[in-house]
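Participant: There's a structure below that I have some questions on.
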Number of protein chains: 2
Amino acid sequence: MAITIKEIATAAGVSKSLVSKVINGKPDVAPETREHVLQIIEQLEYVPNNRARNLSLGSNKDIAVILPSSNYVYMRFIFRLYEELRRYAYNANIYVTEHDKERERSIFQSIRANGLAGVACFIDPEGSEETCNWLEKLNVATVTLGEELCSKKFDRVFCSEKDMALETCRIVSERSAGTVHVLMLPESKAYERRRNHCIRTALQNCGLKAERVVFCQVSEVSAEEGLRVTRDILKLHSAGIICSLSNVLTAGCLRAMNESPHQMHEFDIVTLGDLSLLQDFGFSYPFVTFPSEAMARATADLLHHRISHADAPAKVKKLKPYCHNS
Amino acid sequence: MAITIKEIATAAGVSKSLVSKVINGKPDVAPETREHVLQIIEQLEYVPNNRARNLSLGSNKDIAVILPSSNYVYMRFIFRLYEELRRYAYNANIYVTEHDKERERSIFQSIRANGLAGVACFIDPEGSEETCNWLEKLNVATVTLGEELCSKKFDRVFCSEKDMALETCRIVSERSAGTVHVLMLPESKAYERRRNHCIRTALQNCGLKAERVVFCQVSEVSAEEGLRVTRDILKLHSAGIICSLSNVLTAGCLRAMNESPHQMHEFDIVTLGDLSLLQDFGFSYPFVTFPSEAMARATADLLHHRISHADAPAKVKKLKPYCHNS
DNA sequence: ATGAAAGCGCTAACAT
DNA sequence: ATGTTAGCGCTTTCAT
């Protein structure tokens, strides 16, 4: 067992409460006593037990972070969030639902049992209702992440898809020198329709004519789809730009490019989605994505604010897209 | 404040300890009483507070995981470790030192204050001594990760560099059809010399003749180095194999390949290091790396075992390399 | 300025 | 089978 406040008290010949006051920097302690106690603490290498302190205080410094999947698009965000939270002495606990409802249930159960200061939760576009109920039940400081509106009650940090689409098309229009190919989503789900709508609007806004041929894209679309589609595009021998919203699809797309390396340089790819990892490997296509760093910072700030001011009105933080221009 | 055991006791008209017994499934409770209490618990949606329980038990279910950097080579391991730990009801807290000693200090300080069940720590090849001292001071179940021997006292999970080098060369020798180029480490540090030694030995063992030209590699070597070296190799117009130990270097290497895409297919790359992320993007070069999944599982198992049997002799788990063959 | 005592939510002897 | 009590490590009144 680690050394406790009691042993410090005994060693210093004072009471527990006096030691506690020293630890917490309370003013009503005689300077000499404080010095003495501090010395003993140093000497015995005492570190106060946060758990006990929190139990006593009824407070807590743990933040649960909930991700829908263990996808590496979250990695940059996560690593940064750890840092940003640490600024406020919070500690992050990561949970991944893997889109599984049963799993989500058990996660929220365990979060509840651990008792924490707050939650940062990426809202799965599909089935956000249950998640929302869970979050409400937790009844702690909550920041929801992503465009999906889970409940107006919660603070929210997101980067608008409309803005991202707009930014992407802006970059495309600057580089375009031929037919533009756009990979878009199948429109079976609401959020897919929304995305495509964003892209179409953005294309118009940027003066990219509709007749410029367009294919279809994303999120849950397979790499095979990207492969197939890109192969078709390549057959046309048309220089152009492929604009996508997902890494999976882009993967297929890149694979197709790789098959015909001689055409590689005739193509320009602009993606809506984080390709920074690829960039480490020397492929630096421009891309537009949500700003991981800013998002992490805003999330930590909002959480801290909410924890300090529980009754503050819900804030929504809309962030600008992150554009990586090669 | 969340609902507590006391309120359940009152609501059920029994004592706190009785409720506690029901929660913990103790045998000496009358079936009807148990049923009744359970019902109240359900009704009031009561979830026991783990912190308080742990404080009382003097136990803990948190595992600190210490990484030297926020590199994505750890990602697969991390995500898997979360799962494996969850099997034992443990929870992981990630800390990243970023190779900064001051930061490491503050991390260990905070770990100590939070009080936890165990630590899983990747040992930085350089400066492992301090880390080792910290780990000893923590005095909790510890698993060190990596080939670096931190102290014999700790359990350890690792994949031998010798084995990885051997496996890599084996694959190389199977595919080789021309000059073999090997990128190796500069030999300023001890661990670099060790690595190179492993590779040289492996080359010999696999009958890859020494005269086959060889360059140099890794870990802290820049992408620019890889770029330069690979450019040189490409100038020779020699088909061959490049074998490396780091993603950074491989990055430069791939970038050079990308510059001359027409040569791309004449080359075969075998790397010692995880390229699985690249693979998602359609580039599936064979590679050899430490087995993230197995490592995560072994880590969780060892930690749990150590936590249950504090005095068990230190175990060392040596894992086979993970080979990704395209 | 210092200490005694109560309490945070829970468990574990030890009664009864 | 159930309740009483003490205690985990700490903070915080409230006396002194």
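Participant: Considering region B:101-182, what Rg and Dmax in Å follow from its alpha-carbon atoms?
Facilitator: Radius of gyration, then largest Cα-Cα span, for region B:101-182: 18.0, 58 Å.
Participant: How far is it, in nm, from the label point at B:R103 to the one at B:R228 when both lie 7 Å from their Cα along the line to the Cβ?
Facilitator: For the pair B:R103/B:R228, the computed spacing is 2.7 nm.
Participant: Can you tell me the FRET efficiency between B:A89 and A:E7 if r is taken as the Cβ-Cβ distance and R0 is 35 Å, rounded to the nearest 0.05?
Facilitator: Values: r = 30 Å, r/R0 = 0.87.
It comes out at approximately 0.70.
Participant: Within 10 Å of each Cβ in peptide A:101-110, how many partner chain Cβ atoms are there on average? Round it to a whole number, please.
Facilitator: Shielding by partners across A:101-110 averages 1.
Participant: Report the FRET efficiency, 1/(1 + (r/R0)^6), for B:S20 and B:S160, where r is their Cβ-Cβ distance and R0 is 41 Å, rounded to 0.05. Working shown, then result.
Facilitator: On the way: r = 48 Å, r/R0 = 1.18.
My answer for the efficiency is 0.25.
Participant: Suppose you put the label 7 Å out from Cα in the Cβ direction; list, shortest first and in nm with one decimal, how far B:L38 is from each other copy's label.
Facilitator: 5.6
Participant: Note the full-extension length gain between B:L149 and B:D311 as 0.36 nm times their separation in residues minus their Cα-Cα distance, in nm to one decimal.
Facilitator: Working: separation 162, 0.36 × 162 = 58.32 nm, distance 2.00 nm.
Additional length available on full extension: 56.3 nm.
Participant: While we're on this one: Testing the spin-label approximation: label points 7 Å from Cα along Cα→Cβ at A:D28 and B:K189. State their distance in nm.
Facilitator: It is 5.4 nm.
Participant: Let me ask something additional. I need the peptides B:4-15, A:114-125 ranked by packing, meaning the mean over residues of other C-beta atoms within 10 angstrom, with the highest value on top.
Facilitator: Working: B:4-15: 16.4, A:114-125: 22.3.
So the peptides B:4-15, A:114-125, ranked by packing, come out A:114-125, B:4-15.
Participant: For peptide B:66-76, how many partner chain Cβ atoms fall within 10 Å of a residue's Cβ, on average?
Facilitator: 3
Participant: Other chains near A:52-61: what is the mean number of their Cβ atoms within 10 Å of each residue's Cβ?
Facilitator: Counting Cβ atoms of other protein chains within 10 Å of each residue's Cβ and averaging gives 2.
Participant: If we sort A:24-34, B:152-162 on the protection proxy, mean other Cβ atoms within 10 Å, highest first, what's the order? Intermediate values should be presented prior to the final figure.
Facilitator: On the way: A:24-34: 10.5, B:152-162: 19.5.
Going by the mean number of other Cβ atoms within 10 Å, highest first, we get B:152-162, A:24-34.
Read-outs throughout are calculated quantities, based only on the coordinates presented, and are distinct from any laboratory measurement. Computed from a prediction, not measured in an experiment: that's the story for all the values here. Every residue, glycine among them, receives a Cβ derived from its backbone with ideal geometry; neighbour counts consider all protein chains shown.
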